[in-house]
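The values are calculated or read from the model by the stated rules, or taken from the named source; none is laboratory data. Just so it is clear, the model here is predicted, and its values are computed rather than measured. Glycine gets a Cβ as well: all are built from the backbone with ideal geometry, and neighbour counts include every protein chain shown. Calculation scope for accessible area: heavy atoms of the full protein, side chains included, ligands and nucleic acids excluded. Shrake-Rupley method; radii C 1.70, N 1.55, O 1.52, S 1.80 Å.
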Amino acid sequence: MTNKVVIGAQWGDEGKAKITDLLAQNADLIIRYQGGCNAGHTVVADGKTFKFHLIPSGILYKGKTCLIGNGTVVLPEYFEQEVKGLKEENIDLSGLKVSPLATITMPWHTEVDGYSEDNASKGKIGTTKKGIGPTYTDKMGRIALKIGDLYSKEALSEKLDVILPLKNKQLEKVYNLKTYTKEDVMELCKKYAEIFRPYVCFDWQELLRSFKREGKKILFEGAQGVMLDIDFGTYPFVTSSNPVGGGASTGSGYGPTVIDEVIGVAKAYVTRVGEGPFVTELTDSVGDSIREIGHEFGVTTGRPRRCGWFDAVTMKYACLVGGLTSIALTKIDVFDSFDEIKVCTAYKDRRNGKVYTDYPTDVYIHKYLEPVYETHAGWSEDITGIKKYEDLPINARKYLERLEEILEIPISIVSVGPDREQTIFKN
Ligand code: GDP
Ligand code: IMO
Ligand code: MG
């Protein structure tokens, strides 16, 4: 196995965790490189369901090193809760590590996120209210706390002298929210220091170097998806980090040269939670069927996911900006009972008939776009037990091969159910 990055190629929830878990079997080090507990990652192993938010999905295998990388934002209480849940399941956490350079989501970040969402009369994003945007804003604004700061009273004190006067002014004057005293925050940070103490990895440089030196296998786990990327997604209806393949090099401590492959996980249809454009969205009974059969409800927030046909326009874009070398296509089994399956190959502007085969990055025109579809015959057969590509029904193979043709990239993995076993590796 080479060093691989697993990323979401749509708007998140593509089944990344299932693929990460599978590939983690042959990896030594698994790194989550961006996002925070806005992620909801499901792994079904031997009939048992695990849900991860921050901890890399490779943790279920004993003896793997799982690093929460510098590019992530970490909500301490959520991390604590996740650790507790895994301990109760007797999962071995001896390989769990957290980068001291990861950014801390402080209470004011979640409060501001909640306030902004609840009070937005216009431009609501539909965030997970986990403080993601405000934490990354402060990281880029150079007024955030890093996990490493928790272990130096001096650094913490100096930083808070800069951060708090500014933050309190903002909280009070802009948001009408409660302010914080330095004593309150120092006390809170003491608690946070204890939460992270067993896991914080101060020797991460030597750790990363040694894995590389010894030719060990590294797997990078992305969260969210390309269309939620802060640079390339449907901005401003995006998250605040870089889920694209490139994020793995800035968010892990390894540069781009250690990466051999980028696998883009995509569903055989598209879902999205939260606001924002979605050209192939189905608001009819077909969309309802996809939601029901595919159990499309958010892992983190429980919200029903918006559903639509596979969008090859955004997918082609994701192949490019995500840096994909192949695709893992998931949930194709959801179509087992469908007579026909549609794939959007272009967008048409209903104002002037202009046809787009390249993704138009100006999202404000998306409301004028309608999908141009090609229709494929279904296979009307239960494929959830199929193990070999050749055993898939001919119509399923035709559909997959057509996607490869449109996208000009191979499909390396086909997932036909949530369980580890329900996976076809296609060479
Ligand atoms: P992630 O955020 O990309 O890791 O995906 P989520 O965990 O949020 O959502 C994917 C859901 O689909 C989970 O409930 C998975 O167990 C499930 N799943 C993954 N692959 C398949 C598949 O091939 N078929 C079916 N039916 N379910 C799948
Ligand atoms: P995984 O890793 C799907 C969406 C939110 C919202 C937007 C911004 O499970 O695929 P944020 O809280 O990040 O500021 O919200 O991004 N979003 C996700 N949608 N899957 C996710 O993660 C998501 N993480 C954030 O719904 O539209
Ligand atoms: Mg998810």
Please determine whether any residue of region 51-60 is within 26 Å of residue 422 (Cβ to Cβ), open to solvent by 10 Å² or more (accessible area, probe 1.4 Å) and within 16 Å of ligand 3 (Cβ to nearest atom). yes
Can you find a residue in region 251-261 that is over 22 Å from residue 94 (Cβ atoms), within 16 Å of ligand 3 (Cβ to nearest atom) and of a type in the set (Gly, Ala, Ser)? no
Counting only helices (runs of 4 or more DSSP H) entirely within region 142-219, those with at least 2 residues that are touching an Asp or Glu at 6+ places or on another chain (Cβ under 6 Å) are 153-169
Filtering region 276-297 down to residues that are open to solvent by 40 Å² or more (accessible area, probe 1.4 Å) and either part of a strand (DSSP E or B) or under 26 Å from residue 355 (Cβ atoms) (or both) yields 281, 283, 284, 286, 297
Conditions (1) away from ligand 2 (no atom under 12 Å from the Cβ); (2) open to solvent by less than 10 Å² (accessible area, probe 1.4 Å); (3) under 23 Å from residue 330 (Cα atoms); (4) in contact with a strand residue (DSSP E or B) (Cβ under 6 Å, 6 or more places away or on another chain) -> residue 4 fails only (2)
| message | Whether any residue in region 2-12 is under 24 Å from residue 411 (Cβ atoms), part of a loop (DSSP other than H, G, I, E, B), aliphatic (A, V, I, L, M) and not assigned by TED's automatic domain parsing to the domain that holds residue 296 is what I want to check. | response | yes
Would you check if residue 346 is away from ligand 2 (no atom under 16 Å from the Cβ), more than 22 Å from residue 6 (Cβ to Cβ) and open to solvent by less than 60 Å² (accessible area, probe 1.4 Å)?
yes
Pairing a residue in region 316-336 that is open to solvent by less than 20 Å² (accessible area, probe 1.4 Å) with any residue that is among the basic types (Lys, Arg) and assigned to a helix (DSSP H, G or I), where Cβ atoms lie under 9 Å and the two sit 6 or more apart in sequence or on different chains, gives 328/16; 328/18; 330/16; 330/18
Taking region 220-261 and keeping only residues that are away from ligand 1 (no atom under 16 Å from the Cβ), small (Gly, Ala, Ser) and in a loop (DSSP other than H, G, I, E, B), one is left with 240, 246, 251, 252, 253, 255
With criteria (1) away from ligand 1 (no atom under 16 Å from the Cβ); (2) open to solvent by 10 Å² or more (accessible area, probe 1.4 Å); (3) in contact with a Pro (Cβ under 9 Å, 6 or more places away or on another chain), residue 88 comes up short on (3)
>> With the structure loaded, tell me whether residue 365 is surrounded by 15 or more Cβ atoms within 10 Å (Cβ to Cβ), assigned to a loop (DSSP other than H, G, I, E, B) and not assigned by TED's automatic domain parsing to the domain that holds residue 256 or whether it fails that test.
In response: no
Residue 308: passes all of (1) away from ligand 2 (no atom under 16 Å from the Cβ); (2) more than 20 Å from residue 422 (Cβ to Cβ); (3) open to solvent by less than 20 Å² (accessible area, probe 1.4 Å) but (1)
